[in-house]
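Please read the structure below before turning to the comments.
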Amino acid sequence: MNIIKQKDSILDIDQYEEDFERMLKSFIDATSLDEQNVQFEKLNLHRLVYQASENEARINYFRDTANDEYNNQHAFFQEFEPRWLRMTGEFYREILNAKFRKQLESQWGNQLFKIADMKLKTYSDEVQDDIRMENLLVSEYQELLGKAIIPFDGKELRLNTLAHYLGSSNREIRKAAFKAKSLFFKKHASDFDRILDELVKTRNRIATKLGYSSFVELGYDRMHRTGHKPDDLVRYRKQVKEHGVHFISALRKKQLKRIGVSKLKYYDESYFFKNGPPSPRAGQQEILEVYRAIFRELSLETGAFFEEMMEKGNVDVESRTNKMGGAFASYSGPEVASFIFANFNGTSNDVRVFAHEAGHAFQFYMSRHSNIPEYIIPYDSCEIFSFTMERFVWPWMELFFGEDTQKYQFSNLTEAFIHMPVVSVVDEFEHFLYEFPTVTMQDRMQKWSELEHEYLPERDYDGNEFLEKGTGFYEIGHLFASPFYYMDYDLAHFAAVQLWIKQKDDPKSAWEIFLKMCKQGGRLSYPELLKSANLESPFEDGSMESLLEKVKSWVDQVDEHSF
């Protein structure tokens with residue numbers, strides 16, 4: 001696969017589009033299955049050319065937001081997206097009408113065809129300008145966060161480097177750090193309000209033009225949710241309210257006693273141990289070397305995956321000026337080579353985040369043989385692989401944490417569950433945003449506060465009037481950039497915990513199940529993938545209660561007093 005680029009390293013889009021149209025015509029004109037199958041493979045490889053180039057531009061931009069060339073490349077792909085969506089629509093339309101569709105589905109799986117049928121509804125030339133506007137608004141939000149400066153402790157800190165103070169063992173420092181962060185959001189509140197309001201209205205306008213009743217339906221289709229619908233999420237959130245909130249309340253009571261406070265405040269919520277969180281006994285480079293050893297021992301596949309990634313220099317975990325915050329995994333280049341982007345800050349989260357992103361990157365590596373973009377990054381199930389990898393590397397955590405290993409494991413498991421009601425708040429809030437797109441920002445803030453009280457009854461903002469009025473969603477990046485994606489974390493974690501339970505009982509069998517799931521990638525929908533691995537669906541009544549009983553059994557056997 002050759003990435004065709006212009007002199008300034010941007011894809012030569014006119015040539016690319018010309019080649020695409022030629023390949024598509026050959027696919028349509030094919031007179032035999034063999035011929036059409038060859039053209040099908042060529043088209044998918046050609047689509048990967050674009051995807052890999054776009055990914056590379058995004059990676060470069062996130063690595064150095066002050067670089068003019070990278071900024072131009074990133075802007076170029078955002079500007080071109082409507083044309084790309086049109087070409088993708090042509091591809092989808094023709095594979096659905098293919099002479100040998102039944103045989104192609106048999107060979108390549110029917111999920112691509114389900115996605116094609118769904119995605120054809122999500123674009124028309126009429127919404128080109130609206131999509132450009134949506135992209136510009138998302139970029140404005142990301143730039144606002146990426147370039148944020150927080151004055152604190154005599155320094156000018158980025159949001160990611162403030163994390164050290166947000167997790168301080170000194171309660172007053174934590175409180176001051178959280179206040180400093182909220183002051184940034186308060187200072188830019190009008191920007192966040194405007195961006196969200198314009199995003200909601202723009203997305204609603206797109207949905208209306210495309211014939212949807214609301215952006216909720218369009219949002220689900222964009223997420224490739226071929227196997228579950230809004231009613232499934234209503235059932236899941238009901239289980240969270242009935243069982244999850246109670247379980248988290250019990251964990252919060254233990255936390256309160258553990259850290260020695262009479263009442264948890266919002267700046268205590270992420271502080272789980274009186275003497276501070278477990279700290280990795282390794283620096284940035286040492287963490288990578290330890291993971292190299294871990295992945296070599298875990299399996300032949302993970303060993304080869306990690307070596308390829310390191311040899312290509314496809315790991316960037318250093319926090320630095322002009323680098324975007326956050327973490328993600330992607331792929332780029334002719335080999336569809338996995339890439340891990342993160343911002344290490346010297347905390348235990350470095351170890352967790354790397355395992356999480358490595359789970360994504362490993363799944364890309366194992367499913368890239370399909371050469372089908374929709375299968376390499378499976379929208380509706382990709383977080384299963386990241387959360388599972390976090391737990392599958394537990395047997396080696398002593399290399400990072402020594403005598404604090406169980407403390408890290410306890411933290412890693414319980415903190416993910418503690419985040420569960422937050423995810424439900426975000427998901428229900430997103431449905432509200434797009435079901436009622438014309439309400440005021442005051443209405444939106446009121447709804448956010450109501451949902452926090454419902455799902456997070458222990459939350460206490462300690463007199464922080466700005467947060468008490470319902471502005472906590474400003475910092476939820478997914479809510480602005482990827483509506484309805486946030487819930488995928490919780491649905492994926494539900495599956496990942498089941499795999500962790502299997503691993504405790506039979507490590508070899510659990511790994512084989514996970515490896516098979518990685519190879520499948522996006523070939524199956526989320527419900528189908530769970531069924532193929534004999535995992536329980538979170539949409540079934542009673543499934544949450546059953547899972548939490550097993551988790552509680554593990555939590556109760558941990559000696560918290562040793563922390």
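The values are calculated or read from the model by the stated rules, or taken from the named source; none is laboratory data. For clarity, every value in this text was computed on a predicted model and none was experimentally measured. Please note: Cβ atoms are built from the backbone with ideal geometry, for glycine as well, and neighbour counts cover all protein chains shown. Remember, those area values only see protein heavy atoms, side chains included, never the ligands or the DNA or RNA. Shrake-Rupley method; radii C 1.70, N 1.55, O 1.52, S 1.80 Å.
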Subset of region 449-474 (residues that are open to solvent by 10 Å² or more (accessible area, probe 1.4 Å), touching a helix residue (DSSP H, G or I) at 6+ places or on another chain (Cβ under 9 Å) and farther than 23 Å from residue 250 by Cα): 464, 466, 467, 468, 469, 472
Any residue at all in region 337-344 that's without any contact (Cβ under 8 Å) to a residue 40 or more places away in the chain and more than 20 Å from the chain's Cα centre (by Cα)? no
Which residues, counting only those in region 61-71, are touching a strand residue (DSSP E or B) at 6+ places or on another chain (Cβ under 7 Å) and surrounded by fewer than 20 Cβ atoms within 10 Å (Cβ to Cβ)? 63
Which listed residue, of 509, 482, is of a type in the set (Ser, Thr, Tyr), without any contact (Cβ under 8 Å) to a residue 60 or more places away in the chain, under 30 Å from residue 197 (Cα atoms) and in contact with a helix residue (DSSP H, G or I) (Cβ under 9 Å, 6 or more places away or on another chain): 482
Restricting to region 532-552, name every residue that is farther than 13 Å from residue 501 by Cβ and either open to solvent by 10 Å² or more (accessible area, probe 1.4 Å) or among the acidic types (Asp, Glu) (or both). 532, 537, 539, 540, 541, 542, 545
Exception for residue 58 within (1) in a helix (DSSP H, G or I); (2) open to solvent by less than 20 Å² (accessible area, probe 1.4 Å) falls at (2)
Listed residues 416, 481; which is small (Gly, Ala, Ser), at pLDDT below 95 and under 15 Å from the mean Cα position of the chain (by Cα)? 416
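To keep it simple, each residue is scored yes or no on (1) within 30 Å of residue 220 (Cα to Cα); (2) in contact with a Lys or Arg (Cβ under 7 Å, 6 or more places away or on another chain); (3) at pLDDT 95 or above; (4) buried (at least 23 other Cβ atoms within 10 Å of the Cβ).
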| position | (1), (2), (3), (4) |
| --- | --- |
| 314 | no, no, yes, no |
| 338 | yes, no, yes, yes |
| 351 | no, no, yes, yes |
| 354 | yes, no, yes, yes |
| 359 | yes, no, yes, yes |
Restricting to region 492-506, name every residue that is open to solvent by less than 10 Å² (accessible area, probe 1.4 Å) and either under 11 Å from the mean Cα position of the chain (by Cα) or among the polar types (S, T, N, Q) (or both). 492
On the given criteria, is residue 43 modelled with pLDDT of 95 or more and part of a helix (DSSP H, G or I)? yes
Mind checking which residues of region 145-190 are of a type in the set (Gly, Ala, Ser), farther than 25 Å from residue 255 by Cβ and out of contact with any Leu (no Cβ under 6 Å at 6 or more places or on another chain)? 146, 154, 189, 190
Residue ranges of helices (runs of 4 or more DSSP H) in region 96-148 with at least 3 members open to solvent by 50 Å² or more (accessible area, probe 1.4 Å): 101-108, 128-146
Residue check, residue 319 against (1) more than 24 Å from the chain's Cα centre (by Cα); (2) under 29 Å from residue 481 (Cβ atoms), all met but one. Which one? (1)
Based on this model, can you work out whether residue 212 counts as open to solvent by less than 60 Å² (accessible area, probe 1.4 Å) and within 30 Å of residue 439 (Cα to Cα)? yes
So, in region 316-336, exactly how many residues are open to solvent by less than 40 Å² (accessible area, probe 1.4 Å) and among the charged types (D, E, K, R)? 2
Does region 390-405 include one or more residues that are outside any helix (DSSP H, G or I), under 30 Å from residue 226 (Cα atoms), in contact (Cβ under 8 Å) with a residue 24 or more places away in the chain and not aromatic (Phe, Trp, Tyr)? no
Is there a residue being more than 25 Å from residue 112 (Cβ to Cβ) and open to solvent by 40 Å² or more (accessible area, probe 1.4 Å) anywhere in region 479-491? no
May I ask you to say which residue of 234, 245, 261 is outside any helix (DSSP H, G or I) and among the hydrophobic types (A, V, I, L, M, F, W, C)? 261
Just to be sure before I move on: is residue 365 open to solvent by 10 Å² or more (accessible area, probe 1.4 Å), in a helix (DSSP H, G or I) and modelled with pLDDT of 95 or more in the structure I sent? yes
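Conditions tested, residue by residue: (1) basic (Lys, Arg); (2) within 18 Å of residue 459 (Cα to Cα); (3) buried (at least 20 other Cβ atoms within 10 Å of the Cβ).
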{"position": "241", "(1), (2), (3)": "yes, yes, no"}
{"position": "274", "(1), (2), (3)": "yes, no, no"}
{"position": "278", "(1), (2), (3)": "no, no, yes"}
{"position": "282", "(1), (2), (3)": "no, no, no"}
{"position": "285", "(1), (2), (3)": "no, no, no"}
{"position": "301", "(1), (2), (3)": "no, no, no"}
